[in-house]
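Enquirer: Dropping a structure here in structure tokens format, bear with me for questions.
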Amino acid sequence: MIPASFPDRARIDARDKVLGVARFSADVPVTGVLYAMMVPARIAKGTLTGLDTAAALRVPGVVRVLTEADFPAPPPVIENGPPPPPPTLEREIAYRGQPVALVVAETLEAAIEGAAAVVCTYAAAPFAALIDSEGGVREMGEEIVFGDAEATLASAAVVVEGEFLSPTQHHNPIELLATTAVWEAGRLTLHEATQGAGGTRGMTARALGIDPGVVDVKSPYVGGGFGQKGGLGQRQTALIAHASMLLGRPVKLVTPRGQIFHLATYRPLSRHRIRLGATAEGRMVAMQYDAEQEQSRHGIFPSAEYHETTSRMYGIANYLGTSADVRIDRQPPGWMRAPHPQASGFAMESMVDELAYRLGQDPVALRLANTGDVDFRTGQPFSSNHLNACLEEGARRFGWSSRTAEPGSMTADDGSLVGWGVACGSYPSMMVPAVATLRIGADGSTRYAASGHEMGQGIRTAIASVLLESLEIDPERLEILIGDTTAAPQHITAGSWGSAGAVPVAMRAAARMREAVAELLDGREIAGNLHRRLATVRRPFLEIEVSEVGPGQGQDVLQALQYGAPAVAGPAYPTFTTMSYIAHFVEVRVEPTTRRVRVPRVVSIVDCGRVISPRTAESQVRGGVVWAIGAALREATEVDPRYGGYLNNDLADYVVAVNADIGAIDVGFIDQPDPLANSAGLKGLGEVAMVGASPAIANAIFHATGRRLHELPIRIEHLL
Ligand code: MOS
């Protein structure tokens, strides 16, 4: 009934996207809409002492300037409760770019001009902008300890050590942060660019002190999320919602990219000191790893998670991991694709490569000899682990066996240095509870509504694959409603649990529908598809509702789903650990004089359990590798230590990888169902795709040049 492997299928929404039929949040037409623009703080820390709106109000078309006095006080913080919503407008300035006023106008131009005309005065206070700035407060976080790392390192035959740095980086999805709020007849509708319609609903209601039951959030298409639109609440959402409620008219804000850099979450700068010990034969036996990161004064992005994958991927029995936050005066950092393992993986996989060279071993063989079936951190088995198969298949496709180990030993016809590098990645696989309704009509229609957000990764296509493979329905009239709190309760789609939230419940819905049809027909044989069969027995439609919770979860989580459900991970899988894996093989070419680095080819082989939508899965891996090339060679946000904030807050100066930077990316899947992770046998893919690709590039650069680089991005000047 449910096939073991799924056929290739085009994106179900490809045509709509190409034709512009797919509507992103700012595209939704709303009559009588007002346009908003935020006024950002021009100091890094201090107090807003005066706000003169007279000139702004004289700009023709400006309707109102909202200030802190227009907003309710923030809700009290609940001990051990959900994270607080982001603040609205406040007089205390915590970071440069914090919104201090909101201008609402009849036109976008008037809103922009009005925002520029607001005059603010401040009492500035000393601030710390960088991890090493005076005034930063260092706070130790959780320690991850098992075995006796210190003693084992002291007696290990070989110890490699190094310190690595991953810079501040910002997500730059094509779609900007955008909110359109419509307050009408006691209901608030938010057309929001978000990965978490349910979370946005709950957070906005809490920020404004209103009943979440009157808030509807719609986000059927998202133009890239990557964690920036994570749904714990973007700062602009409640501002725009409140403006609409005060003015009695719809209000729209599309946040300019330059402001997003200062307002949204980002990947914080982090430092990683590692000592990795092994036996003379190359068995990794102990690791000490101290991680620290930049953090805002009240930020919650957890530093201990740098140890999540590094403590588990190789069977290291003795581990001592520390984590620290350095609290400074910037906006809160947050989850950005492959949040911790992008940085920790760079450090760890560089060290593993160095260990291979120190031992005189092949870096693929060293890894193959160290992976295992047991998670040493918990003592539990992995539900599945095909990392070695990824390494073996990747090495075969790449042609790894013809590599010569000596750095600088391979050259191309044009004289460039050739480097071949390998690195692995892993990421915890999780799932979220979900509710789905499925309605099949005798008229040929099918309507499926469930939780999930389509942000380009292909979740709608994965759902369609399940329904079309298991039900005889008309594909032309299949409607999939997701990202909409009026259609079904919505979780946050993040943390690589999108498919694990969307697919098992879709399979359950399809199975339940087949049963319902069989009951209805009561043994009668009727030819034709399900629509035809319903028509024959004169039933206009058949509708069913199903739900799915994670292993170890109770049905009560379905209630929490309304306001952004938590994912099930780690401990909620009581007897095993579930991780996705990837192995990346990279070729670099280093031009000998200019030291320009090119990446002509990458082979990436993934273990993400069963693959549901091969085409979008492949595309997602390619996207992760492209981003990792950007992270390895291009991307860094430059913090301004003099005034706070960021210097390169636009896509001209924040340099991302472009088409000309990308060569061949060959993606393969092991495609073995995980027997335990969820009923669909799939594991997460979105994050793991990126993990390990940046260090594979760094390792390839070492192989080409003999230079071990400890800081990303790797630039020409590091190689001169
Ligand atoms: Mo992701 S960084 O959890 O959207």
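Rule-based calculations on the coordinates, nothing more; no lab input. What you see is a predicted model, and the numbers here were worked out from it, not measured in a lab. Neighbour counts are summed over all protein chains in view; Cβ atoms, including those assigned to glycine, are modelled from backbone coordinates with ideal geometry.
Enquirer: On a C-alpha basis, how far is the centre of the range 347-364 from the centre of the range 44-59 in Å? Whole number, if you could?
Expert: 57
Enquirer: When DSSP beta bridges are limited to those with both residues in the range 431-567, what percentage is antiparallel, rounded to the nearest 5? Could you put the intermediate results ahead of the total?
Expert: On the way: 12 of 16 bridges.
Antiparallel bridges make up about 75 percent of those DSSP assigns within the range 431-567.
Enquirer: If we count every other residue with Cβ under 12 angstrom of N648's Cβ, Lys/Arg +1 and Asp/Glu -1, where does the sum land? Working shown, then result.
Expert: Numbers: positive: R257, R634; negative: E635, E638, D640, D650, D653.
The answer is -3.
Enquirer: Sort 437-450, 46-59 by packing, meaning the average of other beta carbons within 10 Å per residue, with the highest value first. Mind dumping the intermediate values first?
Expert: Details: 437-450: 20.4, 46-59: 15.6.
Put in order of decreasing packing, that is 437-450, 46-59.
Enquirer: In the neighborhood of A347, defined by Cβ-to-Cβ distances under 13 Å, what is the net charge if each Lys or Arg adds +1 and each Asp or Glu adds -1? Don't skip to the answer; put the middle values down first.
Expert: Working: positive: R271, R273, R275, R708; negative: E161, E163, D290, E292, E349, D353, E354, E711.
Spelling it out: positives minus negatives among the neighbours equals -4.
Enquirer: Which of the listed residues, W183, V33, V625, is farthest toward the dipole's positive end in the chain, when Lys, Arg count +1 and Asp, Glu count -1 at the beta-carbon?
Expert: V33
Enquirer: For a Förster distance of 60 Å, can you work out the FRET efficiency between the beta-carbons of L19 and Y643, rounded to the nearest 0.05?
Expert: Values: r = 45 Å, r/R0 = 0.75.
The pair L19/Y643 has a calculated efficiency of 0.85.
Enquirer: Next question. Want the number for H298 to L108: 0.36 nm per residue separation, take away the alpha-carbon distance, what's left? Display every interim value, and only then the final one.
Expert: On the way: separation 190, 0.36 × 190 = 68.40 nm, distance 3.34 nm.
Stretched fully, the H298-L108 segment lengthens by 65.1 nm.
Enquirer: State the answer as a single residue: which of I174, L153, L712 lies farthest towards the positive end of the charge dipole of the chain, with beta carbon charges of +1 for Lys and Arg and -1 for Asp and Glu, about the Cα centre.
Expert: Positive-most Cα among the choices belongs to I174.
Enquirer: Once you place label points 7 Å from the Cα toward the Cβ at T404 and A527, how far apart are they in nm?
Expert: For T404 paired with A527, the spin-label model returns 7.0 nm.
Enquirer: Moving on. With a cut-off of 8 Å between alpha carbons and a minimum separation of six or more residues, what is the relative contact order of the range 431-567 in percent? Walk me through the intermediate numbers first.
Expert: Values: 263 pairs, mean separation 55.7, N = 137.
Relative contact order, the range 431-567: 41 percent.
Enquirer: Further, regarding this structure: Indicate the gyration tensor shape class of the chain (rounded, prolate or oblate), computed on the Cα atoms with a ≥ b ≥ c the square roots of the eigenvalues: a/c under 1.5 is rounded; otherwise a/b larger than b/c is prolate and the rest oblate. Walk me through the intermediate numbers first.
Expert: Values: a/c = 1.76, a/b = 1.11, b/c = 1.58.
Since a/c reaches 1.5 but b/c is at least a/b, the shape of the chain is classed as oblate.
Enquirer: If you don't mind, another one. Of the listed peptides 670-683, 455-468, 273-286, what is their order by residue-averaged count of other C-beta atoms within 10 Å, with the highest listed first? Could you put the intermediate results ahead of the total?
Expert: Details: 670-683: 21.4, 455-468: 24.6, 273-286: 19.4.
Taking the mean over residues of other Cβ atoms within 10 Å, the ranking is 455-468, 670-683, 273-286.
Enquirer: A125 versus V656, label points 7 Å from Cα toward the beta carbon: distance in nm?
Expert: 3.5
Enquirer: Further question on the same structure: Tell me the volume per residue, in Å³, of the convex hull enclosing the alpha carbons of the range 452-591. Display every interim value, and only then the final one.
Expert: Numbers: hull volume 28.3 nm³, N = 140.
Taking only Cα atoms, the range 452-591 has a hull volume of 202 Å³ per residue.
Enquirer: While we're on this one: Using the Cα gyration tensor of the range 267-393, with a ≥ b ≥ c the square roots of its eigenvalues, what is the shape: rounded (a/c below 1.5), prolate (a/b larger than b/c) or oblate (neither)? Before the final figure, lay out each step's value.
Expert: Working: a/c = 2.15, a/b = 1.85, b/c = 1.16.
Prolate, since a/c reaches 1.5 and a/b exceeds b/c.
Enquirer: Also, quick follow-up: If I take R0 = 41 Å and measure r between the Cβ atoms of T536 and R91 in this structure, what FRET efficiency does the formula 1/(1 + (r/R0)^6) give, to the nearest 0.05? Numbers along the way, then the final one.
Expert: Values: r = 69 Å, r/R0 = 1.68.
Approximately 0.05, to the nearest 0.05.
Enquirer: Could I ask something else about it? Would you mind calculating the relative contact order of the chain from Cα pairs under 8 angstrom and at least 6 residues apart, reporting the percent as a whole number? Present the calculation step by step, with values, prior to reporting the outcome.
Expert: Working: 1882 pairs, mean separation 123.5, N = 720.
It comes to 17 percent, rounded to a whole number.
Enquirer: Take each of the peptides 159-167, 320-328, 535-543, average the number of other beta-carbon atoms within 10 Å over its residues, and list them starting from the highest. Can you show the working numbers first?
Expert: On the way: 159-167: 17.8, 320-328: 22.2, 535-543: 13.4.
Going from most to least packed, we get 320-328, 159-167, 535-543.
Enquirer: If the chain between V374 and E161 were fully stretched, how many nm would it gain, using 0.36 nm times the residue separation less the Cα-Cα distance? Walk me through the numbers before you get to the answer.
Expert: Working: separation 213, 0.36 × 213 = 76.68 nm, distance 2.51 nm.
The span from V374 to E161 would gain 74.2 nm if fully extended.
Enquirer: In addition: Any chance you could check the Cα centroid distance between the range 496-572 and the range 674-688 for me, in angstrom?
Expert: So the two Cα centres are separated by 19 Å.
Enquirer: To continue, here is another question. Relative contact order for the range 549-623: what is it in percent, counting Cα pairs under 8 Å that are at least 6 residues apart? Let's see the in-between values first.
Expert: Details: 61 pairs, mean separation 15.9, N = 75.
Worked out over the range 549-623, it gives 21 percent.
Enquirer: Say a paramagnetic label sat at a point 7 Å from the Cα of D27, along Cα to Cβ; which residues of the range 217-245 have their backbone N under 20 Å from it?
Expert: 217-226, 229
Enquirer: State to the nearest 20 debye the size of the charge dipole of the chain about its Cα centre, where the only charges are +1 on K and R beta carbons and -1 on D and E beta carbons. Show your work: numbers first, answer last.
Expert: On the way: 63 positive and 78 negative charges, 216 e Å.
With Lys and Arg at +1 and Asp and Glu at -1, about 1040 debye.
Enquirer: While we're here: Which value, in debye to the nearest 20, describes the size of the charge dipole of the range 644-711 about its Cα centre when Lys and Arg Cβ atoms bear +1, Asp and Glu Cβ atoms bear -1, and nothing else is charged?
Expert: The dipole magnitude comes to about 260 debye.
Enquirer: Among DSSP beta bridges lying fully in the chain, give the percent that are antiparallel, nearest 5.
Expert: On the way: 94 of 123 bridges.
Antiparallel: roughly 75 percent of the beta bridges in the chain.
Enquirer: What translational diffusion coefficient, in µm²/s and rounded to a whole number, does the Stokes-Einstein relation yield for the range 373-443 at 10 °C and a viscosity of 1.306 mPa s, taking the hydrodynamic radius as the Kirkwood radius over Cα pairs?
Expert: Working: Rh = 17.4 Å.
D, rounded to a whole number, is 91 µm²/s.
Enquirer: Can you compute the FRET efficiency between E515 and Q559 using 1/(1 + (r/R0)^6), with r the Cβ-Cβ distance and R0 = 25 Å? Round to the nearest 0.05. Intermediate results must be reported in sequence, preceding the final value.
Expert: Values: r = 26 Å, r/R0 = 1.05.
That pair, E515 with Q559, gives E of 0.45.
Enquirer: Taking the Cα centre of the range 431-567 as the origin, how large is its charge dipole in debye, to the nearest 20, when only Lys and Arg (+1) and Asp and Glu (-1) carry charge on their Cβ atoms? Please report the intermediate quantities before stating the final value.
Expert: Details: 12 positive and 16 negative charges, 37 e Å.
Charge dipole, the range 431-567, about its Cα centre: 180 debye, nearest 20.
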